[in-house]
Amino acid sequence: ALMLTHGYCSSGSIWPPADFTPPKLVFLDPNANRSNDEFAQLLAQAGANKDSFGLVGHSQGGVAALHLLTYYQSGLDYASGPRRIQSVASPYQGTPLASLGFLACGVNDDMTTSGAPVWLAGIPTWARKEVYYWTTQNSGSVCNFFTNLVLSSPNDGTIEMVKGQLPGAHSMGHKLGWCHTTGMSNP
C-alpha cells in the first residue's frame, strides 16, 4: 500500500486522490501540532493493518516518516519498490516559523531551526538513503507577505529551500511555482 500524509497543522488531505492508485491509505490528523515522535507513532498505527507500505509525506509528514523508519518497526520497514519514502517541502533542517507560537497551531520544537538539527543528528545514514525529496519555491511572486519577511529566499512561504535539504538522501529537484499551502499565491 501507499500511505499519503499531510504535515503540521494541516486542515486535511493535501493529495489529489486521483493522482494515486489503490491500494492507498490517507492519513488524517487535522489541525494538530505533534512532535516528530508522536506523528511517527500515529503513522505506524494508521498502517498497522498493512504488511507493508511506502509513504508520501508533505512537510512534517515526510519528517515523521523518516522518524518512523529510524525508530520504530512498521510496515514501512517492509515496503517494496524503489522509493520507500518520498517527501515534498519537508523542513528537515527546520523553519523559523516553527518557533512563532502565534502562527498556525503553536510552537513545534522539532521543526525549529534549533530543534530540527538536534533531531536530524540522530537520523542514521542508512535511513536517509531511503528518502527521495523535493523542495519548493514561489515563482517570482511572494507566497505569503508576512512569512517572506521572516524567511530567507528562496522559500515556499513556510520553508527555506536550504532548510528543506536532507543530507545523505536523494534530492529529486526543486519545484518552482509551488507555495507550501493552499491560500498562498501559487498552488
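The values are calculated or read from the model by the stated rules, or taken from the named source; none is laboratory data. The model shown is predicted, which means the values in this text are computed figures rather than measured ones. Reconstructed Cβ throughout: ideal geometry from the backbone, glycine too, with neighbour counts over all protein chains shown. Heavy atoms of the whole protein, side chains included, go into the accessibility calculation; ligands, DNA and RNA do not. Shrake-Rupley method; radii C 1.70, N 1.55, O 1.52, S 1.80 Å.
Quick notes on this one:
- Cα gyration tensor shape of region 117-187, rounded if a/c is under 1.5, else prolate or oblate by comparing a/b with b/c: prolate
- A full extension of the chain between residue 80 and residue 174 corresponds to an added length of 31.3 nm, given 0.36 nm per residue minus the alpha carbon distance.
- Long-range amide H partners of residue 177 with built H, under 5 Å: 137, 138, 139
- Region 8-57 shape via C-alpha gyration tensor axes, a/c threshold 1.5: oblate
- Taking every DSSP bridge with both residues inside the chain, close to 5 percent are antiparallel.
- Among the chymotrypsin sites (Phe, Trp or Tyr not before Pro) in region 54-113, those placed in a DSSP loop whose Cβ has at most 12 other Cβ atoms within 10 Å are 102.
- Alpha-carbon centroids, region 65-101 and region 131-174: separation in whole Å: 16
- Degrees separating the helix 36-46 axis from the principal Cα axis of the chain, which is the longest one: 40
- FRET efficiency, 1/(1 + (r/R0)^6) with R0 22 Å, evaluated for residue 114 and residue 72 via beta carbons: 0.35
- Heavy-atom accessible surface of the chain: percent carbon and sulfur, 1.4 Å: 55
- Per-pair calculated FRET efficiency, R0 = 22 Å: residue 45 and residue 20 via Cβ, rounded to 0.05: 0.60
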